[in-house]
Amino acid sequence: MRELLTIMTRKGQITVPAEIRKVLGLHEGDKVALVLENDEVRLRRAGSVVTQTAGILKGANPPRTAEELRKEAEEAIAQDVAQRMT
């Protein structure tokens, strides 16, 4: 484990050292999470919920394209309209 030092500004801001940013793949505008546990703080990259959960639920069939979904929706609407007209 390597310890790197940084200085806190009067506004409570710190600069994450370049070595840590590189290891975590952090770039300007990225979100980070600070986890407080037993008087110690861990810093980790915080991705979006979409990124963290992408691919977690997989169906038996391959995913459908936007065009396929649109076509299915149009067919369902057409069937509904036809049923209402009879």
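Read-outs throughout are calculated quantities, based only on the coordinates presented, and are distinct from any laboratory measurement. Since the model is a prediction, treat every value here as computed from it, not as a measurement. As a convention, Cβ positions derive from the backbone with ideal geometry for all residues, glycine included, and neighbour counts pool all protein chains shown.
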For segment 1-48, what is the Kirkwood hydrodynamic radius in Å, using each pair of distinct C-alpha atoms? 12.1 Å
Who wins for biggest fluctuation among R44, R70, R21 in a Gaussian network model of the chain, springs between alpha carbons below 10 Å? R70
Helix 66-85 vs. the chain, principal-axis angle (Cα, 0 to 90°, nearest 10): 40 degrees
Which log10 I(q)/I(0) values, to two decimals, does the chain give at q = 0.18 Å⁻¹ under the Debye formula with one point per Cα? -0.97
Quick one: among K71, K31, K22, which has the greatest mean-square fluctuation in a GNM of the chain with alpha-carbon springs under 10 angstrom? K71
Specify the longest stretch of the chain that does not include any exposed loop site, a site being one of the GluC sites (Glu not before Pro) with a non-H, G, I, E, B DSSP assignment and at most 15 other Cβ atoms within 10 Å. 29-86
Gain on full stretching of the segment that runs from L36 to E68 - 0.36 nm per residue minus C-alpha separation: 6.9 nm
Over all distinct alpha-carbon pairs, what is the Kirkwood Rh of segment 44-86 in angstrom? 13.7 Å
Summing +1 per Lys or Arg and -1 per Asp or Glu among the other residues with Cβ less than 15 Å from G29's Cβ gives +1
